[in-house]
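Shown next, in structure tokens, is the structure this report addresses.
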Amino acid sequence: MKFLDEYRDAQLAQHLAREIHRITTKPWTLMEICGGQTHAIVKFGIDELLPEKITLIHGPGCPVCVTPLEIIDQALEIAARPDVIFTSFGDMLRVPGSTTDLLSVKANGGDVRMVYSPLDAVKLAEQNPAREIVFFGVGFETTAPATAMAIVQAAQKKLKNFSMLVSHVLVPPAMEALLSSPNCHVQGFLAAGHVCAVMGFEEYLPIANKYRVPIIVTGFEPLDILQGVLMTIRQLQMGRAEVGNQYSRAVRREGNRPAQELIKRVFQVVPRKWRGVGEIARSGLGLAEEFAVFDAEKRFGVTGHYVGESAECRSGLVLQGQIKPRECPAFAIRCTPEHPLGAPMVSSEGACAAYYRYRR
Amino acid sequence: MSISGNEPLTRAGKIDFGGIFKEASLACVPEAKIGDYVIVHVGFALSVVDEAEALKVFEYLKQMDDLAELKEAPP
């Protein structure tokens, strides 16, 4: 497919890798933010092409993985109601809550359906006026315009049977939280290309400046990632800390303004707990007052039955880039995609799932 | 890609994902026209691919080559 295959050219990838080897004289630690990049790195063995001096660590780039346990428990409670059709992205279905997961709720008679887009959930609400349709709205800034549009459409159509359980998260506050931690070894970031396609990259300028880290907006194909690494290392070697854009075919500096307007209209910035990381101020999106009538949490009065995380799961450390999935004693033994202890083993963007699939 | 709907909020396109056709909202890419490549996430087009920018990585690699040749050339 055009704009995909040519970015997987093995010879050109070797070429970029050689240049990275040539310029790297000191040890450097980089973090990629997006789970899509994590999967590409592990799948194509990009980390193995790099000099030993360069360490790539995987960031909290999987929105499904960082959705807090309490909200998953609320989802499970709503999904089990007989009057509800609960809709979600497929990734979420096997993510463990305190005691069960959505797929098990479905097996026990709950009407849980996987949808490709939040807009499909709105259609389902139109087609099923006698049922309550709930959409589980999780994701980064990349997904927020689509969920915002679903709310706008539901409001326009005056749908009384549509609501959303919202757990959207924002990337820059999480980067700042990581950088402020005393355990942080990250010296440069590959920023998530599609998040920036929506938001642009101006909000990264103060972060690069304050924490003295280069931040390179990077795409998802092997050549993209290698060029992103090269651009980051070049800056580090020269002692610079600027924001750069490797993914210019999709990302403009100002981002997508109509998408930003949609987000601003429908959501408000709220504090959000990140599973495995903790609460981060101003790091989430919740429904704005004007659209509070679509808030599933309020509509169903759910509180969740919070029990607690599996004691054995180390996903918090994985999500913060402090350990690699294989360093977890449960990895691929007591924790597998079929029987996960934590969300990163389930999601297609989770680091543990990537290592399970490609590095076992 | 074919485009349906004139209202800004309902404008949608049928997108060819390497042989699989699926509809996506074009509400946030008013500039998208037939023949363009778009980045679609969860049924929602986020960005029109800039073909000139898309070639930059290959130009960059070519420049690296040219530089390497210069360095290797005898004085």
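Bear in mind that the values in this text are calculations on the coordinates, not laboratory data. Just so it is clear, the model here is predicted, and its values are computed rather than measured. Using ideal geometry, Cβ is built from the backbone for each residue, glycine included, and neighbour counts are taken over all protein chains shown.
Given that compact globular proteins tend to follow 2.2 N^0.38 Å, what is the ratio of the alpha-carbon Rg of the stretch A:1-310 to that value?
1.06
Does the stretch A:62-191 classify as rounded, prolate or oblate by the C-alpha gyration tensor (a ≥ b ≥ c root eigenvalues; a/c under 1.5 gives rounded; else a/b over b/c gives prolate, otherwise oblate)?
oblate
Shielding of B:22-29 by partners, i.e. mean partner chain Cβ atoms within 10 Å per residue?
5
What are the semi-axes of the equivalent ellipsoid of chain B, taken as the square roots of 5 times the eigenvalues of the Cα gyration tensor, listed largest first and rounded to whole Å?
Values: eigenvalues 321, 27, 15 Å².
Calculated on Cα positions only, the semi-axes equal 40, 12, 9 Å.
Exceeding 25 Å between C-alpha atoms, which entries from my cross-link table qualify? They are A:Lys43/A:Lys324; A:Lys2/B:Lys33; B:Lys22/B:Lys56; A:Lys157/B:Lys33; A:Lys264/B:Lys22; A:Lys123/B:Lys14.
The answer is B:Lys22/B:Lys56; A:Lys157/B:Lys33; A:Lys264/B:Lys22.
Considering every residue in A:243-254, what mean count of other chain Cβ atoms within 10 Å of its Cβ is obtained?
4
If you rank A:Met199, A:Met1 by fewest surrounding Cβ atoms within 10 Å, what's the result?
A:Met1, A:Met199
Which ordering of A:Val134, A:Val169 is given by a fewest-first count of other beta-carbon atoms within 10 Å?
A:Val169, A:Val134
Of the residues A:Thr142, A:Thr24, A:Thr99, which exhibits the maximal mean-square fluctuation in a Gaussian network model of chain A defined by a 10 Å Cα contact cut-off?
Comparing A:Thr142, A:Thr24, A:Thr99 in a Gaussian network model of chain A, the most mobile one is A:Thr99.
In chain A, what cysteines have no partner Cβ closer than 4.7 Å?
Cysteines lacking a close Cβ partner in chain A: A:Cys34, A:Cys184, A:Cys196, A:Cys313, A:Cys328, A:Cys335, A:Cys352.
If r is the Cβ-Cβ distance from A:Phe3 to A:Leu317 and R0 is 35 Å, what FRET efficiency results, to the nearest 0.05? Spell out each step's value before the answer.
Details: r = 36 Å, r/R0 = 1.03.
Efficiency at R0 = 35 Å is approximately 0.45.
Running a GNM on chain A with Cα contacts under 10 Å, which residue among A:Gln227, A:Gln235, A:Gln127 ends up with the highest mean-square fluctuation?
Largest GNM mean-square fluctuation: A:Gln127.
Could you grab the relative contact order for chain A? Cα pairs under 8 Å, six or more apart, rounded to a whole percent.
23
Averaged over its residues, how many other protein chain Cβ atoms are within 10 Å of peptide B:46-55's Cβ atoms?
6
Taking every pair of distinct Cα atoms and averaging 1/r, then inverting, what Kirkwood hydrodynamic radius in Å comes out for the stretch A:315-358?
Evaluated on the stretch A:315-358, it is 9.9 Å.
Quick one: B:Asp36, B:Asp66, fewest Cβ neighbours within 10 Å first, how do they rank?
Sorted ascending by nearby Cβ count, the order is B:Asp66, B:Asp36.
With chain A treated as a Gaussian network of Cα nodes joined by springs under 10 Å, which of A:Glu48, A:Glu242, A:Glu32 yields the largest mean-square fluctuation?
Highest fluctuation among the options: A:Glu48.
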